[in-house]
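See structure below.
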Amino acid sequence: MKINFSKALALKTETIVFLIAADKALSSQAQAWNTKSGGFLARVLKTHGKFSGAHGQVLVRTLPDGAGAVNAVFLGIGTPEKLTTRSIEILGGKLLGALEGAGIAAASVFLEGDCGAFAPPDVATHLAAGAKLQDYRFDRYKKNSSASRGKSSVPETRVQKISFVLEKSAVAEKMWSGLDIATDGTLYVRDLVNEPPNRLYPDSFARRVQGDLTPLGVEVTIYDEKKLKTMGHAAHLAVGMGSDHPPRLVVLQWNGAGKATQKAGKGPIVFVGKGLTFDAGGLNLKPTGGIEDMKLDMAGAATVAGLFMALARRKARVNAIGILGMAENMISGHSYRPSDIIDTLSGKTVEVGNTDAEGRLVLADCLTYAQKKFSPRAMIDLATLTGAMMVALGNEYCGTFVNDDALWSQMDEAGRESGEKIWRMPLDEAWRKEDEGTISDLVNIGAGRPNAGACTAAGFLEHFIEDGTVWAHMDIAGVSWVKSARPNLSKGGTGYGVRLLDRLVAAHFEGR
Ligand code: BES
Ligand code: MN
Ligand code: ZN
């Protein structure tokens, strides 16, 4: 799908789109078209029974002959003051869906009119992002469906082009170049998450990321199980022991800020991602109903990869490190067991209370490695860590645990500006205590389980955070995946986090 921005309508435009607020007022552009069409637009708005300009309503009408275009589309935006980045994206998705439904392959959107706090370039770019997210499908394995053999009676229309008409088209174009790249990063994450676990396992995941990111200038290093053993990543290795696909650690380096920043004593920003390509639960096997979606358990690592794709493509002036902890949690005679006491890279020992609480074990070694090797300016981990996080916040908000108020306020702001919702969760000594062991230093499940499961998991990770490390833990269990389609999301991976973190880096970590 092509997106463009221009000051004037292209000559052969057939479909024009107007944003209509709840007061149904016509913008100056719409008024001009209303006159050209002999009052048609005003008449439709006045006489249509259902269209009220409510947020997300779409009405498609054929224009009378001689009006200068073929179709007029009204896109309801509701109350302008209530618009948010997210709600504008949803409008972009609704528009795309309506165009598809009407068999319209190209349209031009007029942007004059009241959009509350959002200027036309903001509205245009977020509508474009929403349309692009809505347009995504994961169909690489639909090779023999009737549709792809051309037998389907109604061929599906895909929208080929959306043009946005606005005075400040150059501003919009510049904004879009960044957001377009971040949106591509989001879709790349969806592709990785949707990939089935027989095809995407630690080694193939690592090589895929290497193949995709190396050409963009990201330095990618893959550590295999033998190397991890000599490096002392015992907890990470323990989790992967039951699988025929051994663990991998992938380190991404993007040196966009150059050596000067490093010399000034400023470490990189580090992103750590949980990359369980499949989480069967191990000997604490997950039941039917819980196991089917567990290819999603690498979404944290995928999101870090998608973020680096975006940073590299837009040549972000930042030094960033990505650490992807990959493993498969399976059952076999080699599996680690409940009651095993395992070592970690940090030196702390952990009793395995439950083999299904594997993510925190992999992360423990990754977090230690990140701090020892890179002295991060800030460290953010992303993990589909707990079902408890889904119980708390569902698919809507990402629960985030942060040990630094300044970092939290930056993330909060990035959440609002990117449209990816985020909510702060508490870290507390009480939960760290719940993870202490009796015959080992730590246990990998909280004593008060299942209460506060997301919080005791965060508390477990906190045992591996060194004094002075600025750290955030994003439990993306709920937001990285949806079981059925929603606005702008197809069933499966969502790609949550790339746009938020790209924004965070751009606003607060670049060029400093
Ligand atoms: N990967 C799961 C968490 C998860 C569940 C993510 C559902 C997405 C959807 C994680 O490894 C896990 O199994 N956590 C356990 C921890 C428990 C054993 C303490 C959980 O949440 O049940
Ligand atoms: Mn698990
Ligand atoms: Zn898991």
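The values are calculated or read from the model by the stated rules, or taken from the named source; none is laboratory data. In this text, all values refer to a predicted model and were calculated from it rather than measured experimentally. Using ideal geometry, Cβ is built from the backbone for each residue, glycine included, and neighbour counts are taken over all protein chains shown.
Just a few scattered comments:
Conditions (1) in contact with a Lys or Arg (Cβ under 6 Å, 6 or more places away or on another chain); (2) more than 15 Å from residue 370 (Cα to Cα), marked per residue:
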site: 257; (1), (2): yes, yes
site: 272; (1), (2): no, no
site: 276; (1), (2): no, yes
site: 284; (1), (2): no, yes
site: 287; (1), (2): no, yes
site: 302; (1), (2): no, yes
site: 315; (1), (2): no, yes
site: 327; (1), (2): no, yes
site: 332; (1), (2): no, yes
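- Residues that are assigned to a helix (DSSP H, G or I) and crowded, with 17+ Cβ neighbours inside 10 Å do occur in segment 13-29.
- Criterion violated by residue 296 - all others in (1) more than 13 Å from ligand 2 (Cβ to nearest atom); (2) under 22 Å from the mean Cα position of the chain (by Cα) satisfied: (1)
- The residue of segment 85-125 that is surrounded by the fewest Cβ atoms within 10 Å (Cβ to Cβ), among those that are of a type in the set (S, T, N, Q) and within 25 Å of residue 11 (Cβ to Cβ), is 108.
Table: residues versus (1) closer than 26 Å to residue 344 by Cα; (2) touching a Leu at 6+ places or on another chain (Cβ under 6 Å); (3) not β-branched (Val, Ile, Thr).
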position: 367; (1), (2), (3): yes, no, yes
position: 374; (1), (2), (3): yes, no, yes
position: 394; (1), (2), (3): no, no, yes
position: 402; (1), (2), (3): yes, no, no
position: 416; (1), (2), (3): no, no, yes
position: 421; (1), (2), (3): no, no, yes
position: 435; (1), (2), (3): yes, yes, yes
position: 445; (1), (2), (3): yes, no, no
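- Test: residue 456 is crowded, with 16+ Cβ neighbours inside 10 Å and more than 16 Å from ligand 2 (Cβ to nearest atom): no
- Some residue of segment 280-290 being within 22 Å of residue 360 (Cα to Cα), modelled with pLDDT of 95 or more and more than 16 Å from ligand 1 (Cβ to nearest atom): no
- Search result, residues across segment 442-483 that are in contact with an Asp or Glu (Cβ under 6 Å, 6 or more places away or on another chain) and part of a helix (DSSP H, G or I): 454, 456, 459, 460
- Residues in segment 449-490 that are in contact (Cβ under 8 Å) with a residue 12 or more places away in the chain, basic (Lys, Arg) and either within 12 Å of ligand 1 (Cβ to nearest atom) or touching a helix residue (DSSP H, G or I) at 6+ places or on another chain (Cβ under 9 Å) (or both): 483 only.
- Just so you know, in segment 292-311 the residues that are in contact with a Pro (Cβ under 9 Å, 6 or more places away or on another chain) and not charged (D, E, K, R) include one that is surrounded by the fewest Cβ atoms within 10 Å (Cβ to Cβ), and it is 294.
- Residues that are within 16 Å of ligand 1 (Cβ to nearest atom) and either within 29 Å of residue 505 (Cα to Cα) or in a helix (DSSP H, G or I) (or both), drawn from segment 314-334: 324, 325, 326, 327
- Out of 436, 420, 396, 413, one residue alone is assigned by TED's automatic domain parsing to the domain that holds residue 325, acidic (Asp, Glu) and free of Cβ contacts under 8 Å to residues at least 60 places away in the same chain. It is 436.
- Failed criterion for residue 311 (all others in (1) hydrophobic (A, V, I, L, M, F, W, C); (2) part of a loop (DSSP other than H, G, I, E, B); (3) closer than 30 Å to residue 420 by Cβ; (4) more than 16 Å from ligand 1 (Cβ to nearest atom) hold): (2)
- Residue within segment 345-355 that is touching a residue at least 40 places away in the same chain (Cβ under 8 Å), closer than 29 Å to residue 467 by Cβ and surrounded by 24 or more Cβ atoms within 10 Å (Cβ to Cβ) present: yes
- If you go through segment 46-80 and keep only what is at pLDDT 95 or above and part of a helix (DSSP H, G or I), you end up with just 80.
- In segment 312-344, the residues that are more than 16 Å from ligand 2 (Cβ to nearest atom) and surrounded by 21 or more Cβ atoms within 10 Å (Cβ to Cβ): 312, 316, 318, 319, 320, 321, 322, 323, 324, 344
- Single residue of segment 270-288 satisfying the filter (closer than 30 Å to residue 505 by Cα and not aromatic (Phe, Trp, Tyr)) that is nearest to ligand 3 (Cβ to nearest atom): 276
- Residues that are aliphatic (A, V, I, L, M), over 21 Å from the mean Cα position of the chain (by Cα) and under 19 Å from residue 133 (Cα atoms), drawn from segment 152-204: 159, 162, 172
- Condition met for residue 244 (under 22 Å from the mean Cα position of the chain (by Cα) and surrounded by fewer than 24 Cβ atoms within 10 Å (Cβ to Cβ)): no
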